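The values are calculated or read from the model by the stated rules, or taken from the named source; none is laboratory data. Since we're looking at a predicted model, the values are computed, not measured. Ideal geometry is used to build each Cβ from the backbone, glycine not excepted, and the neighbour counts take in all protein chains shown. Surface accessibility is based on the protein's heavy atoms, side chains included, excluding ligands, DNA and RNA. Shrake-Rupley method; radii C 1.70, N 1.55, O 1.52, S 1.80 Å.
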Amino acid sequence: MGNNHKLFEEFPPISKEKWEELVLKDLKGQDYEKKLCWTTLDGFMLEPYYRSEDLSSLNDIDIQPGSFPFTRGNSPQKKWEIHQRITDTNPEKANLIALNAIKGGVNYVCFNASEIKSLQQLSTLLSSIDLHEISVGFFKQECNRYLRNLLTEFAVNNDFDKTKIRGNFEADPYGSILSLGDYPDNPDTIKRRLYELIDTLDTHMPNFRGITIKGQDFHNAGATASQELAYVLSLGVEYLSMLTEQELPIQKITPFMQLSFGIGGDYFIELAKIRAARMLWSRIIELYAPKSDETCKIFIHGETSNFNKSMYDPHTNMLRSTTEAMSAIIGGVDSLEVRPFDQLTNNPNEFSSRIARNVQLLLKEESYLDKVADPSSGSYYVETITHKLAQTAWELFQLIEKEGGFLESIEKGIIQNQIKQTVKKREELVSKKKEPVLGASLYPNSSEKILKSIEVEAINTKIEDSRIERISPIRKALPFEKLRLKTEKHVLAGNKLPIVFILPIGNPAMASARQIFSRNFFGCAGFEIIENARFSKIENGIEAAYKQKADLIVICSSDDEYLQYCKQISGSLSKSVSNSKLIIAGYPKEGIEELNNNGVFDFIHLKTNHLESLSKYQQLFDIID
């Protein structure tokens, strides 16, 4: 403006104290922390808003992307590789899948190499793939010297410059102990093979990473973000110590390592987890006195979570994966795999694999997430979460180190117990619907059936005895899915499906709201739900329920009307509903005993333990495993 008038000078700054005064006034005596603040599963509290002064005590806020400690990424340019894992072990089939994926926009393919035994098989697997342009990864043969030699020979035979080949093996022998229940090999053999792996890559393929620390194994077992971070760091230090003890310099180790994380549904927490991982890793490497900051960089791979995915209503998994992909990309992953939405019930097909690829392509080409190096930088909220998460993870990492490190901690069962405690908390939150799962414990499609499309045994998580206690993947939705599957099996065995008749009456608003609640409540068990328009008389509703041969009649009204209706039912209509159970949607503050005396079997409400209640109803109808 011509007179240099500054608009914002007309608005004096408002202190945090002034804001708090207004907030407290609006709360009208309610507790500020309980009402507006959020305590994460990691144990730290987040406030409803943050201001610039909240960042005054934080370090590294003003660093640039590509600068130590790399919180904002390894490079000023925003780029990530679109990754697809191919599980087919047949080289010809896997190659066709890979070529189709590359044509569809993937630039990082990862193969199951368990059946690759010869140069001919590897040549078939990699046929027509330009290793100068496309990164390749291998799993199931993570540390196999023979495969490394085959890959080197293949590169020479096909005129590929070995120094330009990018990708990774998934060697993580110490991490695999928690799934195997013991060391995968003799500890001395593991040390020798990892040394040889790093030495070979340094000599022949300097852009190929050998050790992949798989944090997603902890994530999918139920660990919190700070636990996943701490365990990955501790596991990484085990490898660093083992390799440096064999006189490998730190600058010849870190370029051949990568961290891999599961990306869950807590949008900002997961975004901050990637940023915190870079920062904490660089601080650890700094202690080894590297010759260059470049040594402190780490390649981070992300894959969308299995933990929060559901078998029922699987298309919802598309939405979950999309927000997870955004968290990972904005957080700064170097490569990302979006898992197909139907992976829990089917072998992923071309449609679901294409959708998974396109999530990243849309975020890149249409949302332009590759145009800004670190879009979350400077956000008071994100910066605060990043540092709080980093601090919490660092404290846990230090506790593990005091116990002797990762290997000592899993030998003692410390890490396993920490995860089990977290899982117990998660299960309680899910069972009480404080952490609902769309399609499984919230808004289920009660008519949906999946039993014939899955291997039921695949959802069992029983672990046999082993020398070291193992961890296994779990999912939030699994307890409710098991309920639904029990009902499906019950019906397939020729038994009657329980019928729930919802009877809305009286107060229109309460009747409607409680009808919706009741439909969702019993739909989670896969019962048949009969909904109705609001009845004008209780007699009409009971007569309709009787004609439908209802097993459960759920009255949906206001608290002060329930006793009147129940007395009418108990007094003159008891014979017609003698084989039905009368349920109240709600829990009136007064008259519970009298309602029970007038035939009420149960009350369902927001504080009901959803999972326990549905299990009780299944037992009532002899629906058992």
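Overall, the accessible surface of the stretch 1-121 at a probe of 1.4 angstrom is composed of carbon and sulfur to the extent of 53 percent.
A straight line joining the Cα centroids of the stretch 461-524 and the stretch 235-259 runs 47 Å. Taking all protein chains together and a 1.4 Å probe, the residues SER472, SER305 rank SER472, SER305 from largest to smallest accessible area. Taking a point 7 Å out from the Cα of SER118 in the direction of its Cβ, the residues of the stretch 86-109 whose backbone N falls within less than 20 Å of it are 89-96. Please determine, in degrees from 0 to 90 and to the nearest 10, the orientation of helix 562-572 with respect to the longest principal axis defined by the Cα atoms of the chain, where the helix direction is its Cα long axis. Computed tilt is about 50 degrees.
Looking at the stretch 470-625, the accessible area is 48 square angstrom per residue; that uses a 1.4 Å probe and ignores ligands, DNA and RNA.
Based on protein heavy atoms only, the stretch 148-277 ends up with 31 Å² per residue of surface accessible to a 1.4 Å probe. When only Cα pairs below 8 angstrom with a gap of at least 6 residues are kept, the chain shows a relative contact order of 12 percent.
Phi-derived couplings, Karplus 6.51 cos²θ - 1.76 cosθ + 1.60 at θ = phi - 60°, listed residue by residue for the stretch 474-486: 10, 9, 4, 7, 4, x, 6, 5, 5, 4, 4, 5, 4 Hz, with x used for Gly and Pro. Compared with the direct C-alpha span, the chain from LYS103 to ARG145 gains 12.0 nm at full extension, assuming 0.36 nm per residue. Placing R0 at 25 angstrom, the Cβ-Cβ distance between LYS607 and MET45 gives a FRET efficiency of 0.60 after rounding to 0.05. From largest to smallest, the equivalent ellipsoid semi-axes obtained for the stretch 110-254 from the alpha-carbon gyration tensor read 27, 18, 15 Å.
The slack in the chain from GLU590 to LYS537, taken as 0.36 nm per residue of separation less the alpha-carbon distance, amounts to 16.8 nm. Taking the helices alone, the chain has a mean residue ellipticity at 222 nm of -13500 deg cm²/dmol, built from -39,500 (n - 2.57) per DSSP H run of at least 4 residues and averaged over all its residues. Summarising the label geometry, the points placed 7 Å from Cα in the beta-carbon direction at GLU350 and ASN579 lie 5.2 nm from one another. Across the chain, Cα-Cα pairs more than 47 Å apart make up 27 percent of the total. Counting protein heavy atoms only, the stretch 222-310 has 49 percent of its accessible area on carbon and sulfur, 1.4 angstrom probe. Using C-alpha pairs below 8 Å separated by at least 6 residues, the relative contact order for the stretch 59-123 is 28 percent. For the chain, the longest principal axis of the alpha carbon atoms and the long axis of helix 538-547 meet at an angle near 70°.
Phi angles across the stretch 262-269 convert, under the Karplus curve 6.51 cos²θ - 1.76 cosθ + 1.60 with θ = phi - 60°, into 3J(HN,Hα) values of x, 10, x, x, 7, 3, 6, 4 Hz, Gly and Pro given as x. Estimated at 0.36 nm per residue, the fully extended path between ASP560 and GLU196 surpasses their Cα-Cα distance by 123.4 nm. The modelled label-to-label distance between ALA289 and LYS18, using points 7 Å beyond Cα along the C-beta direction, is 5.4 nm.
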